[in-house]
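Report on one structure; see the data block that follows.
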Amino acid sequence: MKRIYADNAATTRMSRRAIDAMLPYLDTAYANPSSLHSAGQEAAEALRRAREEVAACLGAEPKEIVFTSGGSEADNQAILSAAALGERKGKRHIVSTAIEHHAVLHTLKKLEKQGFSVTLLPPRENGVIPPEEVERAIREDTCLVSVMYANNEIGTVEPIREIGAVCRARGVLFHSDAVQAVGHLPVNVKEDGIDLLALSAHKFHGPKGAGVLYARAGVPLVSLIEGGAQERGKRAGTENIPAIVGMAAALREACEKREEVNARLLPLRDRLIEGLSRIPRSALNGDRTARLPSNVNFCFEGIEGESLLLLLDQKGICASSGSACTSGSLDPSHVLLAIGRPHEVAHGSLRLSIGEDFTEEDADYVIAAVSETVAYLRGISPVWQECLAGKRPFILP
Ligand SMILES: *Cc1c(COP(=O)(O)O)cnc(C)c1O
């Protein structure tokens, strides 16, 4: 059976170019870039080139790039750095959103326990965070605004440039978790007014365990890992040269191909949305147009998302019920609850995140498989039967 991988928001397949770029550094070019001998200096040169390439893709300067172990670490370091700076100025308030990734939300929780106060803005029903609401939430003692570039579950693309302008006008640091955006959208830290940004290689066909914290020149960072003086003292530990080189190659390729890939994905995404909208009592989650070209997310009343996933897997379809991080837990997605889906409905969610290899035939196969499976699951659901018998009201129209 052919396997259709539609879980690219969880992770992507590495590109051939990224693998080929890495191979020499896993094999013969293994030296430590801190070593003074020529082999070490060759590794240092690869590191320098990778930093330049990553910076160029973001519209940043090489010295503003810190290599990390991934998006989570970069988010943690960005927020904890802004908090440490705020603390020194007596500013202990942070504005963020209810739909952030747990790398952000859990870091904010930790700061709350240390006495910070956090305002989590609710999104509109379409998942958009209005810049006016960010503006209204900023106080005299606000040290940081953190709003993600694009949501990993419902694919909503946030008005980052407008929020960046608000933060700049109010003199507040702006962090954006851009893990779902970099390589897929035209991210430019200077034009977007971003001071701190997190990205992750494995979300754009690079290796897992590699990411970047962009920190605008002049924004002081605290280090999460103490040790050697790597990354200008901001991230100790011998650099993961193969992964860093692979990440830079993947990012350059993703930025080069972005427009072409998006032009291919957009009609496929819309075909999926149209097809799945025909399922009775279904609802698209997130905005219809302000969304990633790869993202489709639906709620189907009367079913369990987990059962749907397992049955789709048997039909060769790899999908997700939301975020890879919350799957396995019984709580419905915090993102779906934040956009106002009731618990019962939030449990019946499906996220498809398509990639370059997805075809029109795949879309039609997925639409048919989801439609059949939802109908089957409703057929064996006592709750659905009660709704049909009029003993309980339907929730979705
Ligand atoms: C995947 C993801 C992360 C975490 O990145 P890792 O590299 O896996 O640590 C953070 N934020 C968002 C929005 C993500 O999608």
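The number of residues in region 190-245 being part of a loop (DSSP other than H, G, I, E, B), of a type in the set (D, E, K, R) and either more than 13 Å from the ligand (Cβ to nearest atom) or closer than 30 Å to VAL166 by Cα (or both) comes to 6. Restricting the first member to region 219-230 and to residues that are closer than 14 Å to LEU196 by Cβ, and the second to residues that are among the small types (Gly, Ala, Ser) and crowded, with 17+ Cβ neighbours inside 10 Å, the beta-carbon pairs closer than 6 Å and six or more apart or on different chains are LEU221/SER81; LEU221/ALA215; VAL222/SER81.
Scanning region 71-82 for residues that are small (Gly, Ala, Ser), crowded, with 23+ Cβ neighbours inside 10 Å and within 15 Å of the ligand (Cβ to nearest atom) yields a total of 3.
Screening GLU344 against (1) of a type in the set (Asp, Glu); (2) within 24 Å of ASN152 (Cα to Cα); (3) modelled with pLDDT of 95 or more leaves a single unmet condition, (3). Considering the conditions (1) more than 16 Å from the ligand (Cβ to nearest atom); (2) at positive phi, PRO62 is excluded by exactly one of them, (2).
Would you be able to say whether some residue in region 269-279 is surrounded by fewer than 24 Cβ atoms within 10 Å (Cβ to Cβ) and among the hydroxyl-bearing types (Ser, Thr, Tyr)? Checked region 269-279: at least one residue is surrounded by fewer than 24 Cβ atoms within 10 Å (Cβ to Cβ) and among the hydroxyl-bearing types (Ser, Thr, Tyr).
If you go through region 141-154 one residue at a time, do you hit one that is in contact with a Lys or Arg (Cβ under 8 Å, 6 or more places away or on another chain), within 14 Å of the ligand (Cβ to nearest atom), closer than 24 Å to LEU337 by Cβ and among the acidic types (Asp, Glu)? Yes, region 141-154 has at least one match.
Looking across region 144-163 at every residue that is farther than 27 Å from PHE298 by Cβ and in contact with an Asp or Glu (Cβ under 8 Å, 6 or more places away or on another chain), the one that is surrounded by the most Cβ atoms within 10 Å (Cβ to Cβ) is identified as SER146.
Listed conditions (1) more than 16 Å from the ligand (Cβ to nearest atom); (2) surrounded by fewer than 19 Cβ atoms within 10 Å (Cβ to Cβ); (3) not acidic (Asp, Glu) are all met by VAL134, apart from (2).
The residues on offer are LEU85, LEU121, LEU47, and the sole one that is modelled with pLDDT of 95 or more, over 27 Å from LEU185 (Cα atoms) and away from the ligand (no atom under 16 Å from the Cβ) is LEU85. Scan region 205-216 and give yes if some residue there is outside the structural domain of ASP270 (by TED's automatic domain parsing) and under 17 Å from GLU100 (Cβ atoms), otherwise no. Checked region 205-216: at least one residue is outside the structural domain of ASP270 (by TED's automatic domain parsing) and under 17 Å from GLU100 (Cβ atoms).
The values are calculated or read from the model by the stated rules, or taken from the named source; none is laboratory data. It should be emphasised that the depicted structure is a prediction, and the values quoted were computed from it without experimental measurement. Reconstructed Cβ throughout: ideal geometry from the backbone, glycine too, with neighbour counts over all protein chains shown.
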